[in-house]
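What follows is one structure encoded as structure tokens, with my remarks underneath.
The values are calculated or read from the model by the stated rules, or taken from the named source; none is laboratory data. For clarity, every value in this text was computed on a predicted model and none was experimentally measured. Here the Cβ positions follow ideal geometry from the backbone for every residue, glycine too, while neighbour counts run over all protein chains shown. We work out accessible area using only protein heavy atoms, side chains counted, and drop any ligands, DNA or RNA first. Shrake-Rupley method; radii C 1.70, N 1.55, O 1.52, S 1.80 Å.
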Amino acid sequence: MLVLGVESSCDETGVALYDTAHGLVAHALHSQVAMHSEYGGVVPELASRDHIRRVLPLTRRVMAESGRTLAELDGIAYTQGPGLAGALLVGAGMARALAYALGIPAVGVHHLEGHLLSPLISDAPPEFPFVALLVSGGHTQLMHVAGVGRYALLGETLDDAAGEAFDKTAQLLGLGYPGGPALAKLAASGDPARFNLPRPMLNSGDFDFSFSGLKTAVLTLVKKAGMDAAADIAAAFQAAAVDVLVGKSLAACTHAGARRLVVAGGVGANARLREQLTCEAARRGIEVFYPRLEFCTDNGAMIAFAGAQRLAAGVEADDMGFPVRPRWELATLDALER
Ligand code: KG4
Ligand code: ZN
């Protein structure tokens, strides 16, 4: 089954082609980061307009690179939510129109399901069940994953998402948007032990997170220690955030009796998180799976893959409408009957 995937929920337009028999065939991405960086964050209306400009050229590029034709497509998947309403509508409208013209089904995919299943786009994918740590710019969740569509929420952030905390801390340190990668780079030259920042809720006994206090602690530290200490502050923040993510993820695995942990979402690209998690997990006999680095952040491949799972399982494409869901709880998805 050959499925085209379209992602347009936030500030990246992603298009990809996934073949259930041969894996990922082609993918292309346009990031709007340069456009939004002038404003210090994503401007929703600019995002929608840019998705309109990019989505068809990217689709043509993916089709050309794949050597396949539109007539060979069996279905089209698009991000239905959660995300920015206007941005979502671009991908949804394009996907539905193309599917209608080709007489094939279109399926709306949950953006976080895309992230969560992204480590499965691999030659050695993890088997179900597993615990998933979803750490993106908008979400921080621990889920128990029994199969495609069988998601149970174990815990989530009570305030800021992990990526948001990286971005806000980066902003306090005068780094651009999005701040995660820049903060990680600065932290690499800093001493994580010079300042000791709190590890919020590390020992709260549940699987919830809180990152807004950490951001406030950084602000206080910046005022006290000054910008000369920026690298050490970045390192201290990263160490604290990573400690919490690692501690909670492993506690969730123990609680769920899981031997496998999957990490997905933009913060999953963080080198310190990967190092510490892999090392601490190994000591407990837990194997950790990550998506390819380029598929940690938003991309079309994960949407093509998740959509292909649903279409291959015979999920009925709904009517001609394409309602998007700016807010959408992952644990409310239907399990797939195989
Ligand atoms: O998954 P994603 O592309 O977008 C959402 O769906 O939200 O994640 C983007 C987030 C941003 O907050 C970005 O700063 C963060 O992931 N990020 C990182 C790194 N790379 C991206 N955070 C920490 N370290 C990184 N290397
Ligand atoms: Zn995302």
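Data overview
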| item | result |
| --- | --- |
| About the Cα centre, charge dipole magnitude for the stretch 129-290 (Lys/Arg +1, Asp/Glu -1 at Cβ), debye | 260 debye |
| Among Pro178, Met227, Ser48 - extreme Cα towards positive end, dipole of the chain, charges at beta-carbon | Met227 |
| The chain - charge dipole about Cα centre, Lys and Arg +1 at Cβ, Asp and Glu -1, debye rounded to 20 | 480 debye |
| Two-site label geometry, Ala71 and Ala152: point separation in nm, points 7 Å out along Cα→Cβ | 4.9 nm |
| Proximal aspartates and glutamates relative to Lys168, as straight alpha-carbon distance under 14 Å, when same-chain residues fewer than 8 apart are discounted | Asp159, Asp160 |
| Two-site FRET efficiency, Leu293 against Ala21, from Cβ-Cβ distance with R₀ of 30 Å, rounded to 0.05 | 0.75 |
| Semi-axes of the equivalent ellipsoid for the stretch 197-338, Cα gyration tensor, largest first, Å | 35, 20, 15 |
| Å² per residue, accessible surface of the stretch 131-243 at 1.4 Å | 40 Å² |
| Label-point gap, in nm, between Thr220 and Glu280 - each point 7 angstrom along Cα→Cβ | 2.3 nm |
| Rounded to 5, percent antiparallel among DSSP beta bridges of the stretch 76-226 | 65 percent |
| Mean Cβ neighbour count within 10 Å, used as a protection proxy, ranking 132-138, 177-183 highest first | 132-138, 177-183 |
| Sorted largest first, extent of the chain alpha carbons per principal axis (Å) | 62, 46, 31 |
| Under 5 Å, built H, 5+ apart or other chain: amide partners of Ala106 | Ile76 |
| Considering only the chain, percent of DSSP beta bridges that pair antiparallel, nearest 5 | 60 percent |
| Val33 versus Arg61: modelled label distance in nm, points set 7 Å from Cα along the beta carbon direction | 1.5 nm |
| Structure-based [θ]222 nm, the chain - -39500 (n - 2.57) summed over DSSP H runs of at least 4, per residue, nearest 500 | -13500 deg cm²/dmol |
| The stretch 129-290: relative contact order in percent, alpha carbon pairs under 8 Å with at least 6 residues between | 28 percent |
| Relative packing of peptides 239-250, 23-34 - highest average C-beta neighbours within 10 Å first | 239-250, 23-34 |
| Share of pairwise Cα separations in the stretch 96-142, more than 14 Å, in percent | 63 percent |
| Normalised contact order of the chain, rounded percent, pairs of Cα under 8 Å and 6 or more residues apart | 25 percent |
